[in-house]
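The values are calculated or read from the model by the stated rules, or taken from the named source; none is laboratory data. These numbers come from a predicted model, not from an experiment. Ideal geometry is used to build each Cβ from the backbone, glycine not excepted, and the neighbour counts take in all protein chains shown.
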Amino acid sequence: MSNTGHLSTEETKRLTDLPTPARALAIGAHPDDVEFGCGATLAKWAESGAEVRLLVLTDGSKGTWDPDADLGALVATRRREQDGSAAVLGLAGVDFLGVPDGELGSGLAERALVCEVIDSSGALPRLRSPNGDDENGRGLQVVRQLSQRWGARRTTAGKVVWCEQLLPGRAGMEEPQPFH
């Protein structure tokens, strides 16, 4: 940083010239949030060959001051605008969770929905139990102890480990047992 408190051109480039990933998913609470926050970066990555998608969590139904607005039409408009923005930026597409504006939580149910979008592969994981010669066996044993069902699937980007957990306080939820 210079004596004036401003970053030099070289320092700015070092901090902002991010490497291009093979794939990226940008998640925003509302339609157009992502574009305002990082649209230029996503466009740059897409132009450089990255597969970039957006995930919009809410439906945009509160995006008007008109109390008589047709909310169904408003939601459809916001989706069209979002698809159009993604096209202008050169992105691969947009996924919508469609949670009504003002009703988005941050609990396990919402996180599970996001995970479904991230792992949209139709391939089912291979259910298994770890044994002593599994790679990263200790971590997989922890997954096994804390989940009802789990599995792993190889992808071109690596390995996806998948698991299901019951919510605490629900019938059938057992205390995890220590692994040996």
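Taking the condition assigned to a loop (DSSP other than H, G, I, E, B), crowded, with 18+ Cβ neighbours inside 10 Å and modelled with pLDDT under 90, does Gly105 pass?
No, not satisfied.
Restricting attention to region 42-53, does a residue exist that is touching a Pro at 6+ places or on another chain (Cβ under 6 Å) and not acidic (Asp, Glu)?
So far as region 42-53 goes, yes, one or more of its residues are touching a Pro at 6+ places or on another chain (Cβ under 6 Å) and not acidic (Asp, Glu).
Being within 29 Å of Gly107 (Cα to Cα), touching a helix residue (DSSP H, G or I) at 6+ places or on another chain (Cβ under 7 Å), in the same structural domain as Gly93 (by TED's automatic domain parsing) and at pLDDT 90 or above: is that true of Ala46 here?
Taking the combined requirement at face value, the residue does not satisfy it.
Return the residues of region 14-57 that are touching a Ser or Thr at 6+ places or on another chain (Cβ under 8 Å), surrounded by 13 or more Cβ atoms within 10 Å (Cβ to Cβ) and polar (S, T, N, Q); say none if nothing qualifies.
Scanning region 14-57 gives a single hit, Thr20.
Return a yes/no flag: does region 50-71 have any residue that is part of a helix (DSSP H, G or I) and either out of contact with any Lys or Arg (no Cβ under 7 Å at 6 or more places or on another chain) or farther than 23 Å from Leu113 by Cα (or both).
Yes, there is a match, as at least one residue in region 50-71 is part of a helix (DSSP H, G or I) and either out of contact with any Lys or Arg (no Cβ under 7 Å at 6 or more places or on another chain) or farther than 23 Å from Leu113 by Cα (or both).
Need the failing condition index for Ser121 against (1) at pLDDT below 90; (2) crowded, with 17+ Cβ neighbours inside 10 Å, just the number.
Going through the list (1) at pLDDT below 90; (2) crowded, with 17+ Cβ neighbours inside 10 Å, Ser121 breaks only (2).
Restricting region 49-105 to residues that are of a type in the set (D, E, K, R) and within 15 Å of the chain's Cα centre (by Cα), which is nearest to Cys38 (Cα to Cα)?
Looking at the filtered set, the residue picked out is Arg53.
Looking for whichever is within 22 Å of the chain's Cα centre (by Cα) and outside any loop (DSSP other than H, G, I, E, B) here; the options are Glu35, Glu11. Which one fits?
When all the criteria are applied, what remains is Glu35.
Would you call Glu81 charged (D, E, K, R), assigned to a helix (DSSP H, G or I) and buried (at least 18 other Cβ atoms within 10 Å of the Cβ)?
no
Looking at region 6-46 only, could you name the residues that are among the β-branched types (Val, Ile, Thr) and in contact (Cβ under 8 Å) with a residue 40 or more places away in the chain?
Hit for region 6-46 is Ile27, nothing else.
I'd like to check something: does region 129-138 contain any residue that is modelled with pLDDT under 75 and of a type in the set (Lys, Arg)?
Yes, some residue in region 129-138 is modelled with pLDDT under 75 and of a type in the set (Lys, Arg).
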